[in-house]
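Enquirer: My questions will all concern the structure given below.
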Amino acid sequence: MTVTASPTSRAAEILSRPVTLNGLTVPNRIVMAPMTRMFSPGGVPGENVRSYYARRAAAGVGLIVTEGTYVGHESAGQSNRVPRFHGEEQLAGWAKVAEDVHAAGGKIVPQLWHIGMVRNQGEPPYADAPAVGPSGIRVDGTEGTGKAMTRGDLDDVIGAFAEAAAAAERIGFDGVELHGAHGYLIDQFLWAGTNRRTDAYGGDPVARTKFAAEIVAAVRESVSPEFPVIFRYSQWKQEAYDARLAETPEELEAILTPLAAAGVDVFHASTRRYWLPEFEGSDLNLAGWTKKLTGRPTITVGSVGLDGDFLRAFTGEGAELGSLDNLLDRLERDEFDLVAVGRALLQDPQWAAKVLEGRIDELNPYDGTALKTLS
Ligand SMILES: Cc1cc2nc3c(=O)[nH]c(=O)nc-3n(C[C@H](O)[C@H](O)[C@H](O)COP(=O)(O)O)c2cc1C
């Protein structure tokens, strides 16, 4: 562990290093995690959404991953207030978001999303559209409320992701993130609990990864070679926190290798607490294992800055779990490359600037109120 005279300068030194992700240079290591906010009536991000993101870019966030935004498939979502990444008005709104973030000195990628079997038929934006998934099974195991996807459905969804990615590049975004985490459509294929297919898209981990890999390949094909493609995945599911895609590093490697081969530039390994070891016998977290197994740059995430322990580095108490020092140690060892911050950055738009400048005593402690507004 490197001990510097001033913890403030250590944070600045380690977090302020630029990093290159395919053709994109991100000015520092701080990423805004994707967070659904539901402030986009008609699926159109407006002025309030623009300033929400631009405020964080101006205050030092290196890379913004937007809230999940629906791809152009009628079953992709279930809200009229979640922004869509298709349609003239919606994309015009998004183009202005990217423009404002760039003007504030930041980089931004949309998180492209299809919720699959999480959808309840009857909900907007397309009330008649059924819930679709690998086997028509919900994450909680319920059957009979959705449709097992046909070959035509698979092609439609793959095409929708590819079109959205092409649109992202066309309207000025810096890359795309594919939402393969938390029990939504792509993850429903990856996870044996929701994928009981007996065709080429179900079975062992490699077969369950085929759909995700085909989406990645189609996205890769639809954008310039240097345009970064980020893939977010998780072990946990929104409705099953203890679920796991991979019990061993070997199983994880079986899933990640085809994704990397299909063209993923960066993996975003979603965990709820970044300091927890993923497998026995090593203190690497999920992002650490992902980097070790694929050689690709990775983003870690999970409760950064939420714990009181985070501030201990600034009182000289060292690298406790969840502390800033622990995070910096791991970054310094190149366990992972970037750090995504979610709730702490909702609570305090100035979070990145304050951490980089050592104004820790000025951070607004998280209390959940920021979830209610787009402040
Ligand atoms: C309000 C809210 C909305 C979220 N929406 C998304 C989302 O759209 N896509 C996604 O991948 N994760 C989503 N997440 C998960 C976050 O990206 C992040 O992984 C999680 O909050 C843990 O990071 P944190 O502890 O820094 O908040 C959401 C989290 C919150 C709190």
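What follows is calculated from the coordinates using simple rules that are stated; it is not laboratory data. All of these numbers come straight from a predicted model, not from anything done at the bench. Glycine gets a Cβ as well: all are built from the backbone with ideal geometry, and neighbour counts include every protein chain shown.
Enquirer: Taking every eigenvalue of the Cα gyration tensor of segment 136-238, multiplying by 5 and rooting it, what semi-axes result, largest first, whole Å? Before the final figure, lay out each step's value.
Expert: Working: eigenvalues 131, 39, 30 Å².
Values for segment 136-238, descending: 26, 14, 12 Å.
Enquirer: Residue 60: net charge of surrounding residues, Cβ under 13 Å, Lys/Arg +1, Asp/Glu -1, itself excluded?
Expert: On the way: positive: 29, 55, 56, 107, 354, 359; negative: 348, 357.
Taking every Cβ under 13 Å from that of residue 60, the sum is +4.
Enquirer: Residues in segment 129-160 near a label at residue 221, defined as backbone nitrogen under 17 Å from the 7 Å Cα→Cβ point?
Expert: Label zone hits: 151-160.
Enquirer: Additional query: Just round it to a whole percent: the fraction of Cα-Cα distances in segment 1-89 exceeding 15 Å. Walk me through the numbers before you get to the answer.
Expert: Values: 2649 of 3916 pairs.
Of the Cα pairs, 68 percent sit more than 15 Å apart.
Enquirer: Compare the peptides 163-169, 356-362 by average per-residue count of other Cβ atoms within 10 angstrom and give them in order, highest first.
Expert: Working: 163-169: 23.0, 356-362: 14.0.
Those peptides, ordered most packed to least, come out 163-169, 356-362.
Enquirer: Something else: In the neighborhood of residue 132, defined by Cβ-to-Cβ distances under 10 Å, what is the net charge if each Lys or Arg adds +1 and each Asp or Glu adds -1? Can you show the working numbers first?
Expert: Details: positive: 119, 147; negative: 74, 153, 156.
In short, -1.
Enquirer: Ok, one more. What is the antiparallel percent of DSSP beta bridges lying wholly in the chain, to the nearest 5? Let's see the in-between values first.
Expert: Values: 5 of 38 bridges.
Rounded to the nearest five, the antiparallel share is 15 percent.
Enquirer: Where the only charges are on Cβ atoms (+1 Lys, Arg; -1 Asp, Glu), what is the dipole of the chain about its Cα centre, to the nearest 20 debye? Spell out each step's value before the answer.
Expert: Working: 36 positive and 50 negative charges, 89 e Å.
The dipole magnitude comes to about 420 debye.
Enquirer: Suppose only helical runs count, i.e. DSSP H with n ≥ 4. What mean residue ellipticity at 222 nm does that imply for the chain under -39500 (n - 2.57) per run, divided by all residues and rounded to the nearest 500 deg cm²/dmol? Intermediate values should be presented prior to the final figure.
Expert: Details: 12 runs with 123 residues, N = 375.
Computed mean residue ellipticity for the chain: -9500 deg cm²/dmol.
Enquirer: Sticking with this one: So how long is each side of segment 36-178 along the principal axes, counting just the alpha-carbon atoms, biggest first, in Å?
Expert: That gives 48, 27, 25 Å along the principal axes, largest extent first.
Enquirer: Binned at 10 Å from 0, what are the whole-percent values of the Cα-Cα distance distribution for segment 235-287, short to long?
Expert: Reading the bins upward from 0: 21, 54, 24, 0.
Enquirer: Along the positive direction of the dipole of segment 175-326 (beta-carbon charges: Lys, Arg +1; Asp, Glu -1; about the Cα centre), which of 248, 233, 189 reaches farthest?
Expert: 189
Enquirer: Which links in 237/354; 107/354; 96/210; 96/237 stretch past 24 Å when you go from one Cα to the other?
Expert: Working: 237/354 32 Å; 107/354 19 Å; 96/210 35 Å; 96/237 32 Å.
Check vs 24 Å cut-off fails for 237/354; 96/210; 96/237.
Enquirer: If you don't mind, there's one more thing I want to ask. With N denoting the number of residues in segment 216-375, provide Rg(C-alpha) divided by 2.2 N^0.38 Å, to two decimal places. Don't jump to the answer; show the numbers that get you there.
Expert: On the way: Rg = 16.9 Å, N = 160, 2.2 N^0.38 = 15.1 Å.
Dividing the Cα Rg of segment 216-375 by 2.2 N^0.38 Å gives 1.12.
Enquirer: Taking the dipole about the Cα centre of the chain, with the C-beta of Lys and Arg at +1 and of Asp and Glu at -1, give me whichever of 66, 287, 93 is farthest to the positive side.
Expert: 93
Enquirer: With a cut-off of 19 Å, note down the residues of segment 172-200 whose backbone N falls inside the zone around a label point 7 Å from the Cα of residue 143 toward its beta carbon.
Expert: Once the point is set 7 Å along Cα→Cβ of residue 143, 188-200 turn out to lie under 19 Å by backbone N, inside segment 172-200.
Enquirer: Cβ under 11 Å from residue 175's Cβ, residue 175 left aside: what net charge do those residues give with Lys, Arg +1 and Asp, Glu -1?
Expert: Details: positive: 107; negative: 169, 174, 177, 226, 265.
Spelling it out: positives minus negatives among the neighbours equals -4.
Enquirer: Let's test this: bin the Cα-Cα distances of the chain at 10 Å from zero up to the farthest pair and state each bin's percent.
Expert: Histogram of Cα-Cα distances, whole percents per bin: 5, 25, 34, 25, 8, 1, 0.
Enquirer: Calculate the tail of P(r) for segment 182-278: the fraction of all Cα-Cα distances greater than 15 Å, expressed in %.
Expert: Details: 2836 of 4656 pairs.
For segment 182-278, the fraction of Cα-Cα distances above 15 Å is 61 percent.
Enquirer: Which angle from 0 to 90°, rounded to the nearest 10, does the C-alpha axis of helix 151-170 make with the longest principal axis of the chain?
Expert: The two axes meet at around 40 degrees.
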